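One structure is given here, and the rest of the page talks about it.
The values are calculated or read from the model by the stated rules, or taken from the named source; none is laboratory data. On a predicted model such as this, the values are computed, not experimentally measured, just so you know. All Cβ positions, glycine included, derive from the backbone under ideal geometry; neighbour counts span all protein chains shown. Quick note on the areas: whole protein, heavy atoms, side chains included, nothing else; ligands and nucleic acids left out. Shrake-Rupley method; radii C 1.70, N 1.55, O 1.52, S 1.80 Å.
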Amino acid sequence: MTDLRINGARLLGRLQALGEIGRDGEGRLTRLAASDTDRAGRDAVAGWMRDAGLEVMVDRIGNLFGVWQAGPEGAAPLMLGSHIDTVINAGIYDGCYGVLGGLEVVQTLREAGVQPARPIVVAAFTNEEGVRYAPDMLGSLVYAGGLDVDEALATIGTDGTVLGEELARIGYAGPHEPGFLRPHAYLELHIEQGPVLEREGVPIGAVENLQGISWQRVTIDGVANHAGTTPMSMRQDAGQAAARVVTFLRDRVAGSNAPTVATVGCMAFEPNAINVIPSRAVFTVDLRDPDEDRLRAEEDALARYLDDLAAAEGVTISVERLARFAPVTFDPAIVQAIEEAAAAHGLRSRRMTSGAGHDAQMIARICPAAMIFVPSAGGISHNPREHTAAAELEAGASVLLDVVRKLTGVSP
């Protein structure tokens with residue numbers, strides 16, 4: 001048992017195979033939640049789960065599970081997983097590595113004839129990316145009890161479809177109530193999606209916390225007028241006001257010593273004409289910080305600035321909250337187990353914060369949880385150039401294997 005090893009070729013082969021599902025005629029990979037390409041990806045993963053001897057189960061929100069019914073009857077399972085839906089024109093590792101890495105660990109243990117002291121479940125959660133349906137991490141949020149399943153199923157997508165209807169159409173509207181398997185603990189293996197591990201030459205990240213996320217949509221209403229005849233001092237320019245918000249956020253974050261980040265990722269003007277002063281600007285604000293008090297302080301600072309800006313520019317400003325997730329602190333004992341497993345393999349590790357949202361932050365509401373990161377080349381993700389070296393992918397799965405053995409009572 002001391003030389004138990006994952007099958008790296010099998011793991012890498014499945015990653016490549018799943019990465020070919022959902023490519024268009026130009027080679028771009030897109031598997032949006034509950035789409036036909038998502039169905040094809042789910043079918044492949046479910047088939048591999050069955051090949052590994054797992055029982056395939058699906059809940060009402062479409063979360064897909066491969067269950068190894070081990071240990072005494074009624075024992076809470078260890079859950080491993082992530083997601084397989086993608087952004088538009090995606091890479092092949094985000095999310096998929098966690099699902100297929102978890103599956104590889106379970107298949108390795110089963111092939112070795114071990115008997116864990118509790119069940120092990122591999123999960124692929126629905127709509128983690130949130131590209132087609134909002135919010136992101138929807139499947140794990142529902143699973144953890146943070147959103148009513150019927151409300152989630154009624155979600156209307158960006159293309160006008162209804163999530164519940166689409167899940168039924170692709171054959172993944174399951175019979176089980178979300179949360180039907182209450183985890184003993186949860187582990188998620190993931191590429192970092194950032195530059196820290198690669199820059200520092202560290203192969204394993206033991207993720208100890210995850211940033212809180214605040215998403216808002218800001219609408220500024222001014223007055224459209226002629227761009228040539230209206231003096232600057234007499235304008236109610238929604239575009240100018242929006243630009244001031246962008247620079248305010250940049251200057252405020254840059255002037256602090258905190259790890260806060262702020263992003264304006266979407267912006268649209270009306271009437272969107274080169275010679276017309278914008279009458280409306282609509283844009284998003286993404287605020288993130290691993291500390292709840294700092295995150296609230298940034299939200300409050302933005303709200304005060306918008307009030308002052310409205311008065312100064314003679315515009316009307318309204319704000320819609322799109323999503324709000326509190327920071328998450330992962331289980332210290334599991335984080336330590338990740339560090340110990342890395343050390344046992346002769347691998348350096350570092351504790352770190354996840355800047356991105358993950359299913360782990362939702363499942364952490366109902367059980368101890370943690371994440372394992374491996375490096376991302378160039379810090380690139382959500383991009384076809386997303387890449388992690390084969391040796392690093394295998395190393396992360398090997399660390400996951402050792403942590404799973406510890407959490408399920410499998411002798412070293």
Worksheet item: What is the packing order of peptides 96-109, 73-86, 246-259, taking the mean over residues of other C-beta atoms within 10 Å and listing the highest first?
Response: 96-109, 73-86, 246-259
Item to complete: Whenever you get a sec, line up Y305, Y133 from highest to lowest accessible area (probe 1.4 Å, protein heavy atoms).
Response: Y305, Y133
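Over the chain, what is the mean sequence separation of C-alpha contacts under 8 Å (at least six apart), divided by residue count, expressed as relative contact order in percent? Show your work: numbers first, answer last.
Working: 929 pairs, mean separation 91.6, N = 412.
It comes to 22 percent, rounded to a whole number.
First select every other residue whose beta carbon is under 11 angstrom from the beta carbon of D136; then total the charges, Lys and Arg +1, Asp and Glu -1.
Values: positive: R132; negative: D85, E128, E129, D359.
My count for the surroundings of D136 gives -3.
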Practice prompt. Give the Cα extents of the chain along the principal axes, in whole Å, largest first.
Written response: 81, 47, 41
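Of the heavy-atom accessible surface of the chain (probe 1.4 angstrom), what whole percent is carbon and sulfur?
49
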Worksheet item: Using only helices, what value at 222 nm comes out for the chain when you add -39,500 (n - 2.57) per DSSP H run of length 4 or more and divide by the total residues, to the nearest 500 deg cm²/dmol?
Response: -10500 deg cm²/dmol
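Taking the Cβ of H176 as the center, what net charge do the other residues with Cβ under 14 Å away carry, scoring Lys and Arg +1 and Asp and Glu -1? Let's see the in-between values first.
Details: positive: R60, R182; negative: E55, D59, E177.
Taking every other residue near H176 into account, the sum is -1.
Which whole-number percentage describes the relative contact order of region 202-308, with Cα contacts under 8 Å and a sequence gap of 6 or more?
Details: 164 pairs, mean separation 40.3, N = 107.
Result for region 202-308 is 38 percent.
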Discussion item. Just to confirm the number: angle between the C-alpha axis of helix 8-19 and the first principal axis of the chain, 0 to 90 degrees, nearest 10?
Written reply: 40
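Relative to the compact globular guide of 2.2 N^0.38 Å, what is the alpha carbon radius of gyration of region 81-170, as a ratio? It would help to have the intermediate numbers written out before the result.
Details: Rg = 15.6 Å, N = 90, 2.2 N^0.38 = 12.2 Å.
Region 81-170 yields a ratio of 1.28.
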Fill in: Dimensions in Å of region 1-153 - Rg and Dmax from alpha carbons
15.7, 50
Discussion item. Suppose all protein chains stay in the model; what accessible area per residue would a 1.4 Å probe give for the chain, in Å²?
Written reply: 41
Fill in: Debye intensity ratio in log₁₀ form over the Cα atoms of region 212-325, taken at each q of 0.13, 0.23 Å⁻¹
-0.50, -1.24
